[in-house]
1. State yes or no: is A315 of a type in the set (A, V, I, L, M, F, W, C), touching a residue at least 60 places away in the same chain (Cβ under 8 Å), surrounded by fewer than 18 Cβ atoms within 10 Å (Cβ to Cβ) and assigned by TED's automatic domain parsing to the domain that holds S275?
2. Considering every residue within the range 173-180, establish whether at least one is under 22 Å from L109 (Cβ atoms), surrounded by 15 or more Cβ atoms within 10 Å (Cβ to Cβ) and at pLDDT below 90.
3. With the structure loaded, tell me whether L266 is in a helix (DSSP H, G or I) and within 15 Å of L436 (Cα to Cα) or whether it fails that test.
4. Answer yes or no: is there a residue in the range 80-96 that is in contact (Cβ under 8 Å) with a residue 60 or more places away in the chain and either assigned to a helix (DSSP H, G or I) or out of contact with any Cys (no Cβ under 9 Å at 6 or more places or on another chain) (or both).
5. Quick one: V220 ticks every box in (1) farther than 24 Å from S27 by Cβ; (2) hydrophobic (A, V, I, L, M, F, W, C); (3) at pLDDT 85 or above except a single one, so which number is it?
6. Would you check which residues across the range 154-167 are crowded, with 17+ Cβ neighbours inside 10 Å and of a type in the set (G, A, S) and list them?
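The values are calculated or read from the model by the stated rules, or taken from the named source; none is laboratory data. What you see is a predicted model; the values in this text were computed from it and never measured. Neighbour counts are summed over all protein chains in view; Cβ atoms, including those assigned to glycine, are modelled from backbone coordinates with ideal geometry.
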Amino acid sequence: MNQLKRLQSGIEGLDELLKGGFVAGSSYIIQGRPGSGKTILANQIGFHHARTGGRVLFATLLAEPHERLFQFLSTLSFFDKDRIGDQIQFVSAFDTMENDGLEEVVKLLRREIVRQKSTVMILDGLLNARSRADSPINTKRFISELQGHAAFAGCTVFFLTSSQLDDGSPEHTMVDGVLELGEEQVGTRSIRRIKLRKTRGSAAIPGTHECEITENGLVVYPRLESIFTCSALRDSDHFATIPSGLQTLDPLIGGGLVQSSVTLLLGPSGAGKTSFGITFLGQSTADEPGLHFGFYESPQRLRMKAASLGLDFAAMEQSGALTILWKSITTELVDKLAMDLLRVVEEKSIKRVFLDSLGGMTRAAADTSRMLDLYTALMGELRARNVTVVASWEVRSLLGGEIDAPAPDLSGFVDNLLMLRFVQEAAELKRQLSILKIRDNPFDPALLELSIGHQGLDVKKVQFHALGDTINA
């Protein structure tokens, strides 16, 4: 099967959506309202292409001078003024369009493509060309003639427009691909999105994906569930157990947690979920490092809480046995969070992860309806990388056994399910731990009393008379 030559964008995440990049020699429309990031996206492509040895022609049909564009782009890391005038040429065709019409614009750009030996051409202001054309036929002719000249010269073309063109517009029917940038208001947050509306002659990951503009330019975050679809095929073919950190719990769950399994801790605030996770990470070593990926406990507070359980997290961090990452749930994008987690796991060969919590991660999502798919993909990929995961989820009920599950179907990504709760015994509140599910290992379903002290966590079976008091309370 013939493989089409690709032109990489150099934009993190975008080439992944395009299955390797743009098809070289093709033409694309990049559309979106003013401020959506079209100009940044196009210039990132152009400067990256120049860095890899290509030559770029940036033409505009807008009246805005190039100096203002350079001033704006100079704040971004990809901008390199030394390439302007050599590998990147900026040309204004606005006066030619206004005075002489679109036919002369085509002639001007054709001459520049040949003279500059351009391998990429970016044309900003397609909406102005559409307004200048007498009819849709003339718009098609303008695009077709530019495409023909560019293709003959081996040049890939990007048309930028601020109009929201529909799929049946003359422009869309003429080009090989359409990328749409937009913004959506979710509560008080504004979420940037990118969508591949058309990709002729090339596979691509469909749908809408989140993105953001940083000091490095546009960064795209493909939906996690759209890129990690076959993680289960890389699962281990044998079972081994690792210590949970609770010596009194391990004999009750078959000797420990199954390696590369996912354990979910359900419970109200204060029931011991974070303490359980800290104890689990306390078993990390420099050869089998751990990661605390959390949204609530700052690294400083986490170290103090670990110390109260007899663990020296600072020393573990210094030895390389532990990494602590705190993330903001108010400013982060959920796919970015997931990719950050996987990146650290890859870079530091992490084997234990405590994710505190799934509820915090869900709060970062603009669309909570896809969280089950995202968690399934994330946990599947962590399993495939031989990572053992403990995650927490806070339930609303403070007392009793009512479970507020994080998703309607947990079996897709959870192997083990532990319930922590408070019970009232006479005039005293006690913590209890219930083993609701252990996959691939036998377990003791007895009700357990959980205690937290300076020596860490401990569990013991609830005696019958104590259980009776609990029920009667």
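1. The answer is no for A315.
2. yes
3. no
4. no
5. (1)
6. Correct list: S162 only.
Listed here are the residues, each with its yes/no results for (1) closer than 15 Å to S118 by Cα; (2) at pLDDT below 95.
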{"site": "A50", "(1), (2)": "yes, no"}
{"site": "G53", "(1), (2)": "yes, no"}
{"site": "L57", "(1), (2)": "yes, no"}
{"site": "A63", "(1), (2)": "no, yes"}
{"site": "H66", "(1), (2)": "no, yes"}
{"site": "F70", "(1), (2)": "no, yes"}
{"site": "F78", "(1), (2)": "no, no"}
{"site": "K81", "(1), (2)": "no, yes"}
{"site": "G85", "(1), (2)": "yes, yes"}
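Yes/no per residue for (1) assigned to a loop (DSSP other than H, G, I, E, B); (2) in the same structural domain as F413 (by TED's automatic domain parsing); (3) surrounded by 17 or more Cβ atoms within 10 Å (Cβ to Cβ):
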{"position": "S202", "(1), (2), (3)": "yes, no, yes"}
{"position": "P206", "(1), (2), (3)": "yes, no, no"}
{"position": "E210", "(1), (2), (3)": "no, no, yes"}
{"position": "L218", "(1), (2), (3)": "no, no, yes"}
{"position": "H238", "(1), (2), (3)": "yes, yes, no"}
{"position": "G245", "(1), (2), (3)": "yes, yes, yes"}
{"position": "T248", "(1), (2), (3)": "yes, yes, no"}
{"position": "L252", "(1), (2), (3)": "no, yes, yes"}
{"position": "G255", "(1), (2), (3)": "yes, yes, no"}
